[in-house]
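Have a look at the structure below before the remarks.
The values are calculated or read from the model by the stated rules, or taken from the named source; none is laboratory data. All values reported here derive from a predicted model rather than from experimental measurement. Glycine gets a Cβ as well: all are built from the backbone with ideal geometry, and neighbour counts include every protein chain shown.
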Amino acid sequence: MLQEYLPGGPGQDWFFHGYCDTAGRCQPAFTGVKDRSYPAYAGLTSLGHAVPNTELRNQLTGLLGTLGFRGIVDLDLRFDLRDGQYKLLDFNPRLGAQFRLFEDTAGLDVARAAYLDLTGQPMAERAMVAGRRFLVENYDPLGAAGYWRAGQLPLTSWAASLRRVDELAWFARDDLRPFGLMCLRMGWRAVSRPWTRGSSAQPRAAGGPRYSGGRRRVPVAAHEYRPDGRFLHVGEKA
């Protein structure tokens, strides 16, 4: 296994959401760009938008076909400017947190596609809706602070990015309870965190040393998929 750091930048972090039916056909298949994450540069999507990418979609549907995969899948990738290849960072055989970012022109997402397939109902192949934007209300301000401290996100640009959001992670006018519970939970975390930091107890693994602080590196597998079915690279993201 080889490991390397994959340099990133704006527009280089991508994700793919799809559903592979019982016949092995991957439909629908969606691609999008992770604009911001929490923690910044290395975490979950806090702001993203849907971008059709035929090259990436064909590569990944080919990979899923080679694997014989069935069901819902959520993949994270990084485009490597050094060789023009997409490197697979994360393979999640499940519903992704930002799945509602993606719809086809009939409003079909991967969850609805799974229901139709498993209940024997037909699905027509339709184009994805481009440009939809997804925001996680509680994490994006925290993630944006990291980009701001790095000098890459002025406050005016962050505020402007919030005006064109189609799908929110928590808020819905017809059901405010999840949003309210999220606000309570985040409020409790904000109040209790100073007490946690002041505690003398430090987390540690069983039998291992106490964590003494400082930056931690989070290894993430990044495989380069070739048309012949080989995986050539494994990368690491700080």
Considering only the range 141-183, how many residues are touching a strand residue (DSSP E or B) at 6+ places or on another chain (Cβ under 6 Å) and more than 24 Å from residue 131 (Cα to Cα)? 0
Boolean, residue 129 is modelled with pLDDT of 95 or more and surrounded by 15 or more Cβ atoms within 10 Å (Cβ to Cβ): yes
Would you please list the contacts, defined by Cβ atoms under 6 Å and residues six or more apart or on different chains, that run from a residue in the range 53-69 that is in contact (Cβ under 8 Å) with a residue 24 or more places away in the chain and exposed (fewer than 13 other Cβ atoms within 10 Å of the Cβ) to a residue that is in a loop (DSSP other than H, G, I, E, B) and not hydrophobic (A, V, I, L, M, F, W, C)? 66/229
Any chance residue 48 is of a type outside the set (Phe, Trp, Tyr) and not in a strand (DSSP E or B): no
Just to be sure, is residue 8 in a loop (DSSP other than H, G, I, E, B) and closer than 19 Å to residue 139 by Cβ? yes
Over the range 110-120, the set of residues surrounded by fewer than 20 Cβ atoms within 10 Å (Cβ to Cβ) and in contact with a helix residue (DSSP H, G or I) (Cβ under 8 Å, 6 or more places away or on another chain) is 111
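Matching residues to (1) within 22 Å of residue 37 (Cα to Cα); (2) free of Cβ contacts under 8 Å to residues at least 24 places away in the same chain:
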{"residue": "84", "(1), (2)": "no, yes"}
{"residue": "102", "(1), (2)": "yes, no"}
{"residue": "114", "(1), (2)": "no, no"}
{"residue": "133", "(1), (2)": "yes, no"}
{"residue": "137", "(1), (2)": "yes, no"}
{"residue": "148", "(1), (2)": "yes, yes"}
Confirm whether residue 161 is surrounded by fewer than 16 Cβ atoms within 10 Å (Cβ to Cβ), closer than 22 Å to residue 39 by Cβ and of a type in the set (S, T, N, Q). no
Of those in the range 23-50 that are in contact with a helix residue (DSSP H, G or I) (Cβ under 6 Å, 6 or more places away or on another chain) and among the polar types (S, T, N, Q), the residue nearest to residue 168 (Cα to Cα) is 46
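Per-residue answers, yes or no, for (1) modelled with pLDDT of 95 or more; (2) aliphatic (A, V, I, L, M); (3) not in a strand (DSSP E or B):
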position: 57; (1), (2), (3): yes, no, yes
position: 63; (1), (2), (3): yes, yes, yes
position: 82; (1), (2), (3): no, no, yes
position: 113; (1), (2), (3): yes, yes, yes
position: 122; (1), (2), (3): no, no, yes
